[in-house]
Every structure is written in structure tokens, then in C-alpha cells.
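Novice: Okay, handing you the structure first.
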Amino acid sequence: MINRDIAKLLYEIADIFEYKEVEWKPRAYRKAARKIGDMREDISGLYSKKGREGLENIPGVGSRIADHIVEYIEAGSVREFEKIRKETPRGASNIIKIRGLGPKKAKKLMDELDIQSIPDLKEAINNQEIRKLEGFGKKTEENLDKAISQYEKSHERMLLPKATDLAEEIISYMEENTTLKKIDYAGSLRRMKETIGDIDILVVASDPEEVMDAFVNFENVDEVESRGKTRSTIILQNGGHIDLRVVPESSYGAALQYFTGSKDHNIELRNLALSKGYKLSEYGLFKEDSKKKLEGKKEDRIYGKLGLSFIPPELRENRGELECAKNTLPSLVELEDIRGDLHVHTSYSDGTDSLNSMIAQADKLGYEYIGITDHSRSRKIAGGLGTDKVKEQWKEIDGLRDDFDIEILKGIEVDILPDGSLDCPDDILEEMDIVVGSIHSGYKSPKKKMTERIITALQNEFLHVLGHPTSRKIGIREAYEVDLDKIFETAAENGKLLEINSQPERLDLNDNLILQAKEYDLKFCISSDSHSSAQLDFMKYGVGQARRGWLTKDDVANTYSLKELKRLID
Ligand code: DGT
Ligand code: CA
Ligand code: CA
Ligand code: ZN
């Protein structure tokens, strides 16, 4: 709906007016934005039916704002807004949101210290530059530092476990405390995106008031950002944002479709509907002329009525899924297909749980096999294992075999050294059932060198898996420079597996790179890289990324029986 875009624009302009110290306008624009954001009717539809008068009847929309809306509907932008945007420093509307920085102080900082953004502001604080400015002082600087941490905490995207746990908690809380007919999460979390902006919850309930009361009283609410009849937003003390909407049962499927997104997928789907003479919205699929509702209740039937097979949420990124769904989509790998984990650590190196408890937990999960892959000797800070320790572990493994049904694979996560050789003697590697090779040093080396280093490792006969192939860590470290096409090509030539590492801050390979690698004739494995027995459950996040990368069961080596796996890697 265009309503959302207009509301967003009005909020942004309100911020800019605030920065410019324009009086009353910020409040007026925000009020209009809020009303438009909450409207159920499409504002461009309203305009085409009732004209300008229709717009001016929206509470908070006067004739000036109505002009702007008309211009936006007709031209896709507002000239006056474009102009004031140009006149305003780019970071201004963010900077004035830092608590304690009104427009006057923000302007002074931006002018005198050449601050353009929040990172600039942080740097100035670290360099103790703020306290030197007239009217600021040490105390102000310290308060700003605190305010920025708070701002970042509440604006930062969540990693998957935090978002998943929160969504599950709020859903069971709502189920216990209200009488609901339905509740689900939608949005990027349902699509298993690697990071989550906010959690979107949809509810069907006969008493929306009761639902909203319970929702805003969820534990650890820091701020109720908005509360309405059908939509409310809360911010938790841990920074999590949750959006909850109550929708009619008759349009639940349409709402689930719409709020699952992605936005780009929705736009394409709506265009497809239009090309068939239908209209699609969060309320349902309609025949455009007759206004007759064709479907609203069931999400899969909406896809069906548009001539498509059901599209799993993980594929809804406008990466060719609509075209493909006109015929048949690949049948994506599922968590239940996974038969074993090929990368876990124990307390022999930097894991927190014993060999025994890691195996016991994997056994409990119903796996057929588990690869024990502690670090190798050069990785000293992680307690890497020298030859003696490896042999000691082997002995313990042999002693445990009778206690468990699960097959235990002797393995190692061996460092790929700067020259591309593996950090473990060949006679030891030869005895290993599973060898994962990873880069843990020299992340900044030149692209050519890194590419050669990894290629050498991929040509090593003892290596089975390339572990976390880019070593990126979300929010911590960028991927190293490397020629990935060369890497994928070499892995394919040598029959090596590419790891999809399920650690939430790694998710490496990520969805885009999985899609890129899939063009080569190679197989993947999805591994938890667990450092505790609880982390074996991280497998689901790796599976999510594999699904986002369009992988089927056949593409993933650890869906194979041990016999098939051995045939593949040996
Ligand atoms: P996030 O929260 O940043 O991780 O990403 P999403 O995808 O959860 O985005 P969010 O929470 O802003 O909105 C949820 C879904 O609602 C989004 O995936 C698609 C739908 N949606 C939101 N805004 C628009 C829009 O302007 N146009 C269309 N077609 N769909 C939208
Ligand atoms: Ca969201
Ligand atoms: Ca949202
Ligand atoms: Zn590892």
C-alpha cells in the first residue's frame, strides 16, 4: 500500500523540520503520518474515488499536506521535499534522535566538528572532542555516549536466535493470556533472513482490546511506541521491536502473505495479480471490477488462484521464484532431512561441553552420525590439539562407541595455514573420518594470496570440507577478499564440500553465495559448528539459509546416509 510510503516520507520530513527548528510542522506532519499509516483504505484509491476532498477528510491532513499527497500519488515524489532534503546534511534526521541532542546542539556539532552521521559522532566522543566545545562539557559528552548506546541497541537488527526466541516467547505469552483464534509470526523472521529488523505478529481474535492490553503489558517492555485498535508496537529493554496486528479471520491468509514479504516479492505478486485482472492487498485477492473477494482466508490458495504453486517464505525475495512457481519449485531441504552434524567442538579445544555430552545430545536429536572436529595445534587461543591430544581423543571415542547408537566420526577442524598447507601431520589426517579446513588468521591478506591459499587447501587430498568459506561475522568482521568463483570451481573439481556454517553471526556461506555456488557441480554440508551441546540446535538457522539459497536435499551431503556420505567424500 502506498499509505506506508507516504507515512514514512512524512515522518522523515517531520524530522528534518525539527532539525530546522520549524515550529508546529513536525507535530502536524507526524500526526498526519500516523493517521495515514493506520488507515485501512488505500489512499490512492480514496483519492481516485473522492478526489482532494477525500484526502482532506483524513484527520490531521490539511490542505497543504493534501497537496503533497496528491503530488506523491501522481508523480511519485514531492518537489518541495526533495528540495529541503538536499539542503539538509544527510545524517541530521538521525542525529537529532539521540537523546539530549536538540536541533541547536546537533547543528553546532555538525558545523563545528564536521559530523555527518552517528559513527562520526561516536568518533568525536572517543576523541574527547565534544567536551571542548562551548556549552558542552565532559558531562554532556558522557551522556551522549550513553544515549548513542541506547539508540544503537534499539536500532540494531537482531540475530536469528534472539528474534526466534522472542517470537516464540511472545506467542506463548499471548496464547496463555488472551483468547485468540490464530497467531503467527510473519516478516523477515518467517523468511529466515539472516538478521531481523522487527518481529511482525499477526493475530485473529474476537476481542482486539484484550489482545492489545496483554501485548503492551508483555514483560520487559521499555516503551510502547504506539497503541491502536488493530496495530501496536512495543520496544523491549533488550532492544527488540515487536509489531502486532489484529486482522479479520476472513483476510488472515492475505495478511500473512502480505506481512511475510518481502516487499519486492509482494510488488511482483501484485503486478501478476493485476495482469490477470485481479487486485491483491493485505485484505484479499479481489476481482478488480466486481470487487468480489476471490480468496482471503488461506495463504496457499492466494498463490493457487494466481496460478502458482505455494512459495515457501524463504524463497520470497524476488529472485525468480514467481516465474518458477508457474511450473514447479524445487523441493527445499528440511531440518528433518539432516542426518548428522559434521562440525562440532568439545572441551578438548574451545567447546564448553565434554565429548560425551556432545555425542549424547547428537544421539538424542536422532542423528545417524556426528563428526567431532576440535581445533588444530596452531590455534592456541582455542586450545588447539596437538598429535598426542588427538590420539587421546581417538581413544576416548573408541571407548564410547558401545554406549551410543550414533556413529562417531573422528575429525578435526584444521587451520589452513598461510601457505595453504593444513595444520596437522598427514599421517594423522589420513586416519580422520572428517577433515574440515578453515581460515582463522590473516583475514586482511590480498585477494590473490587468499585465493591461492584456499585453492591449495582444496587440492589437498585429506581435506573434505571448506569450513565457513568467507569467515565473515555479522556486525563484527567483513568477509575476506577472495575470488569465490575460483574457489567454487576448485571445490567442484576436487569433490570438496562447501560448509554452510549455522552459527548465527556467521551464516557462512550466506544465501547469495549459496546461489552463486549452486551454479557449480558441487555439494554443500550444513554444520552447527557447536561450541556447546545446546548449539546443536543452531542447525535450523543453517537450514534456513540453505533454503534461501534454493538448495534441495540432494545438494546437502549431510542428508545422506553415512555410507552414501563416505562414498561422496572419500
Ligand atoms: P525487517 O523487519 O527489516 O527485518 O524486514 P521485514 O521484511 O520484516 O519488513 P517489515 O517489518 O518492514 O514489513 C513486513 C512486511 O510487510 C514486509 O516484508 C512486506 C510488507 N511491507 C511492508 N512495507 C511494505 C510496502 O511498502 N509495500 C509492500 N508491498 N509491502 C510492504
Ligand atoms: Ca519485520
Ligand atoms: Ca514490521
Ligand atoms: Zn569450528
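Values quoted throughout were computed directly from the atomic coordinates according to the rules given, and no laboratory measurement underlies them. All values reported here derive from a predicted model rather than from experimental measurement. Here the Cβ positions follow ideal geometry from the backbone for every residue, glycine too, while neighbour counts run over all protein chains shown.
Novice: Given the rule -39500 (n - 2.57) for each run of at least 4 DSSP H residues, summed and divided by the residues of the chain, what is its mean residue ellipticity at 222 nm, to the nearest 500 deg cm²/dmol?
Specialist: That comes out to -13000 deg cm²/dmol.
Novice: Using a cut-off of 14 Å between beta-carbons, work out the net charge of the residues near Lys444 (Lys and Arg +1, Asp and Glu -1, Lys444 not included).
Specialist: Combined, the nearby Lys, Arg, Asp and Glu give +4.
Novice: Taking just the alpha carbons, could you work out the radius of gyration and Dmax for the stretch 2-156, both in angstroms?
Specialist: Here Rg and the maximum Cα pair distance are 18.4, 59 Å.
Novice: Any chance you could give the angle, 0 to 90 degrees and rounded to 10, that helix 447-458 forms with the longest Cα principal axis of the chain?
Specialist: With both axes taken from Cα atoms, the answer is about 50 degrees.
Novice: Please report the orientation-averaged projected area of the stretch 158-246, defined via the convex hull of its C-alpha atoms, in nm².
Specialist: For the stretch 158-246, the mean projected area of the Cα convex hull comes to 4.8 nm².
Novice: Given the stretch 470-570, report the % of alpha carbon pairs whose separation exceeds 22 Å.
Specialist: When every Cα pair of the stretch 470-570 is considered, 28 percent fall beyond 22 Å.
Novice: What's the ranking of 167-176, 544-553 by average number of surrounding C-beta atoms within 10 Å, highest first?
Specialist: 544-553, 167-176
Novice: Tell me which of Ser527, Gln545, Gln361 sits at the most positive position along the dipole axis of the stretch 335-569, charges placed on C-beta atoms (Lys, Arg +1; Asp, Glu -1).
Specialist: Gln545
Novice: Given charges of +1 on the Cβ of Lys and Arg and -1 on the Cβ of Asp and Glu, with all other atoms neutral, how large is the dipole of the chain about its Cα centre, in debye to the nearest 20?
Specialist: About 2920 debye.
Novice: For Leu409, enumerate residues with amide H under 5 Å from its amide H, sequence gap 5+ or separate chain, H modeled in the peptide plane.
Specialist: Answer set, sorted by chain and number: Ile370, Gly371, Ile372.
Novice: Express the Stokes-Einstein translational diffusion coefficient of the stretch 257-325 in µm² s⁻¹, to the nearest whole number, given a Kirkwood radius over alpha-carbon pairs, 25 °C and a viscosity of 0.890 mPa s.
Specialist: Here the translational diffusion coefficient equals 206 µm²/s.
Novice: Okay, moving on. Grab the Cα-Cα distance for Leu335 and Ser250, subtract it from 0.36 nm times how many residues apart they are, and report the gain in nm with one decimal.
Specialist: Stretched out fully, the Leu335 to Ser250 stretch lengthens by 27.4 nm.
Novice: Which of Ser378, Ser188, Ser149 has the fewest other C-beta atoms within 10 Å, and how do the rest follow up to the most?
Specialist: Ordered by Cβ neighbours within 10 Å, fewest first: Ser149, Ser378, Ser188.
Novice: Compute the distance from the alpha-carbon center of the stretch 135-172 to that of the stretch 293-357, in whole Å.
Specialist: The stretch 135-172 and the stretch 293-357 have Cα centres separated by 30 Å.
Novice: If you don't mind, there's one more thing I want to ask. Extension gain Ser117-Arg40, at 0.36 nm per residue separation less the Cα-Cα distance, in nm?
Specialist: The span from Ser117 to Arg40 would gain 24.2 nm if fully extended.
Novice: Hey, what do the phi angles of the stretch 57-74 turn into as Karplus ³J(HN,Hα) couplings, whole Hz, using 6.51/-1.76/1.60 and θ = phi - 60°, x for Gly and Pro?
Specialist: 7, 6, x, x, 9, x, 6, 4, 5, 4, 4, 4, 5, 4, 4, 5, 4, 7
Novice: Please list, by residue number, every one of the GluC sites (Glu not before Pro) in the stretch 61-138 that is coil in DSSP and has at most 11 other beta-carbon atoms within 10 Å.
Specialist: Filter output for the stretch 61-138: Glu134.
Novice: Let me ask something else. What is the P(r) of the stretch 335-569, as percent of Cα-Cα pairs per 10 Å bin from 0?
Specialist: Result returned by the calculation: 8, 36, 40, 15, 1.
Novice: Once Lys and Arg get +1 and Asp and Glu get -1 on their Cβ, which of Ile95, Pro59, Ile69 lies farthest toward the positive end of the dipole of the stretch 12-101?
Specialist: Working it through, the farthest residue towards the positive pole turns out to be Ile95.
Novice: What order, most packed first, do the peptides 439-449, 314-324 have when packing is the mean number of other Cβ atoms within 10 Å of each residue?
Specialist: 314-324, 439-449
Novice: Sticking with this structure for a sec: When the Debye formula is applied to the Cα atoms of the stretch 460-509, each taken as the same point scatterer, what base-10 log of I(q)/I(0) results at q = 0.28 Å⁻¹?
Specialist: -1.08
Novice: Nearest 20 debye, what's the magnitude of the dipole of the stretch 257-325 about its Cα centre given +1 on Lys and Arg Cβ and -1 on Asp and Glu Cβ?
Specialist: With Lys and Arg at +1 and Asp and Glu at -1, about 440 debye.
Novice: Which residue, chosen from Gly284, Leu308, Leu322, occupies the Cα position most advanced towards the positive end of the dipole of the stretch 257-325, where the dipole is computed from +1 (Lys, Arg) and -1 (Asp, Glu) charges on Cβ about the Cα centre?
Specialist: Gly284
Novice: Oh, and also: Report the equivalent ellipsoid semi-axes for the stretch 286-370 in whole Å, largest first, defined as the square roots of five times the eigenvalues of the gyration tensor built from alpha carbon atoms.
Specialist: 46, 13, 12
Novice: Also: Could you tell me the calculated FRET efficiency between Lys444 and Arg401, based on Cβ-Cβ distance and R0 = 41 angstrom, to the nearest 0.05?
Specialist: 0.40
Novice: Can you give the extra length, in nm with one decimal, that the chain gains between Ser63 and Arg477 once fully stretched, where that is 0.36 nm per residue apart less the Cα-Cα distance?
Specialist: 144.1 nm
Novice: Next up: Where the centre of each part is set by its Cα atoms, how far does the stretch 485-518 sit from the stretch 11-59, in angstrom?
Specialist: 47
Novice: How big is the dipole moment of the stretch 267-375 about its Cα centre under a simple scheme where the beta carbon of each Lys and Arg is +1, that of each Asp and Glu is -1, and everything else is neutral? Debye, nearest 20, please.
Specialist: 1280
Novice: Can you tell me what percent of all Cα-Cα pairs in the stretch 391-433 are more than 16 Å apart?
Specialist: Above the 16 Å cut-off, the stretch 391-433 has 46 percent of its Cα pairs.
Novice: Let me ask something else about it. Taking the inverse of the average 1/r across all pairs of different Cα atoms in the chain, what Kirkwood radius in Å do you get?
Specialist: Result for the chain stands at 27.0 Å.
Novice: List, in order, the whole-Hz ³J(HN,Hα) value for each residue of the stretch 363-371 obtained from phi through the Karplus relation with A = 6.51, B = -1.76, C = 1.60 and θ = phi - 60°; use x for Gly and Pro.
Specialist: After applying 6.51 cos²θ - 1.76 cosθ + 1.60, I find 4, 4, 6, x, 5, 8, 8, 9, x Hz.
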